[in-house]
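Only one structure is covered here, and it is reproduced in the block below.
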């Protein structure tokens, strides 16, 4: 999956020229890679770093890593070893060796660090890992925007707690400024709330009463509260004062009947009559746009088409809907044309299919994306996303059409992620929201599914032991669940 086209060509040309001028013959081809934005809290201005691509893998300079995260760097040229010190953590790299010591524990990077024009470059997955591992607690990685976001030192949502008061379970938090929450959805099984632009003092996990499990965490959109409810949950209430949030759920239907609590309602796919008639599946890339290079020499465009066809067959059998593919051959479609097909066909559901061989997902796994419930104003203007094969500006008449369906899209994306996690408990599965250009113009619920690498063919086994047909069946069952009774 390629969210950006290559950038930094001039920088790479200068880099290659520098190598030749120095009399160094590169054993590998240096290419441009999509840039990474570094977004700091006001008033510090943002900056941009430019990775390089070596043999199909994106690399980041340790000079950039050290500068951005204020890390101490120690280079021993005679041993070709480099150490990075971030707070209490130390990472030790050896050039051209994939084994790295993280706090003296050996880990395999798969791709080795490289020495390019006197600078040590490490796989881009290391940069993202620093945030995932908690080595840089004040920063997060925004995958859709390819950005590092530093949190404000002043947290606007603090001291979240859960209280059980009889048949009412309440989550409360202190607000340092008035924030407008958005209720993404409230169903009998789950409730999701977002404070757009908020920051959190610390993530928390809690349970009790009507809440089977709950999390409050900071995302790229703000502070999100997700409550998975126990069977029998009936209603919810939400109140926000100048400095206090109170979100309550109950299994007492009398409180709902009296109007004290709002009723929890399922989210269903389909038209006004509750029937799902038309589904549009979008196999990513195609034609000259190969997408990511997969293990064994396969291309993302072929694997995406294989999965799309398998998913079409599964949906036709389970849901009985008309299922269209944006491409059923090796065709090259623009991003705008893909969403136009979905809207012009009257599609009531849109699924974009991608594969990836980069970062953590290269070892197998799944990422499911939906459009942010409350996209940051001007985010698309600052850093628009494309999925490869695009060039220049284009008119987008369906701009922001997806916003109206964002809640249903997020519910569906979470349903698919939960189902994949249940079926593949040893596999990394994540659900994320962000600015995804192929989803934004779609006027129906829409999600993007990104899979770890697999050889081509509907019966082929992937690195993690699942088949394309198995994935298609799980996704189709998730859609069937919401089409029949909604996310209950």
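Taken together, the values in this text are just the output of simple stated rules run on the coordinates, not laboratory data. Because the structure is predicted, anything quoted here is derived from the model rather than measured. Note that we place each Cβ from the backbone using ideal geometry, even for glycine, and neighbour counts take in every protein chain shown.
Exposure proxy check: 230, 72, 250 ranked by fewest other beta carbons within 10 Å? Don't jump to the answer; show the numbers that get you there.
Numbers: 230 17, 72 11, 250 26.
Ascending Cβ contact count within 10 Å gives the list 72, 230, 250.
Approximating the spin labels as points 7 Å out from Cα along Cα→Cβ, the residue 40-to-residue 151 distance works out to 1.9 nm.
What FRET efficiency, computed as 1/(1 + (r/R0)^6) with R0 = 56 Å and r the Cβ-Cβ distance, is obtained for residue 163 and residue 63, rounded to the nearest 0.05? Please list the in-between numbers first.
Numbers: r = 49 Å, r/R0 = 0.88.
Computed FRET efficiency for residue 163 and residue 63: 0.70.
Taking packing as the residue-averaged number of other Cβ atoms within 10 angstrom, the listed peptides 309-320, 342-353 run from highest to lowest as 342-353, 309-320. Relative protection proxy for 168-176, 436-444, 472-480, from highest mean packing down: 436-444, 472-480, 168-176 (other beta-carbon atoms within 10 angstrom).
Using the number of other C-beta atoms within 10 angstrom as an exposure proxy, rank 261, 206 with the fewest first.
Fewest to most other Cβ atoms nearby, the residues stand as 206, 261.
Annotation: the residues 150, 93, sorted from fewest to most other C-beta atoms within 10 Å of their own C-beta, follow the order 150, 93.
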